[in-house]
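Report on one structure; see the data block that follows.
Bear in mind that the values in this text are calculations on the coordinates, not laboratory data. Keep in mind it's a predicted model, so treat the numbers as computed, not measured. In this analysis, Cβ positions are derived from the backbone assuming ideal geometry, glycine residues included, and neighbour counts consider all displayed protein chains.
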Amino acid sequence: MRRIYYLIAALLIFIIEVLIAVYVHDDFVRPWGGDVLVVVLLYCIVRSVTRLDILSAALLVLVFSWFIEALQYLQIVRILGLEANAVARTIIGTTFSWLDIVAYTLGIVFVVGVEIVIGKRHAL
């Protein structure tokens, strides 16, 4: 039953991400908020389709996000000849940034913190 809550959260976060991508063109919410939220979105998806525990799911998503960022450093979109593919550029990204690594890490710290708080409430 709990997995449905993660799926609903993932759908809501996805809608927020789309709204940010379409309507927000600033130097804070779009780059920082979007990067923090994307790992929360991925975490919710993982928790909705697997039986991984909180820490395993969080670490999986964090390592995956770091891996994608490393692929950006290696310019994988250019290597694969996908520069003209807007979907590939959007999903994979084209520019490595240490700040993205920080944002992904903060997003996972946030999600684990929320899980701990919710877990303590249910334990009471």
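Here are the numbers for this structure:
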item	result
Environment charge at residue 100 (Cβ cut-off 12 Å; Lys +1, Arg +1, Asp -1, Glu -1)	-2
Residue with peak Gaussian network fluctuation, the chain [Cα springs, cutoff 10 Å], from 68, 79, 16	79
Relative counts (whole %) of C-alpha pair distances in the chain, using bins that are 5 Å wide	2, 11, 18, 22, 21, 14, 7, 3, 1, 1, 0
Selection of chymotrypsin sites (Phe, Trp or Tyr not before Pro), region 20-51, meeting DSSP coil and at most 14 other Cβ within 10 Å	28
Length gained when the stretch residue 3-residue 109 is fully extended (0.36 nm per residue, less Cα-Cα span)	36.1 nm
Computed helical MRE - 222 nm, the chain, DSSP H runs ≥ 4 contributing -39500 (n - 2.57), nearest 500	-25500 deg cm²/dmol
Cα-based helix-to-principal-axis angle, 2-23 vs the chain, degrees rounded to 10	30 degrees
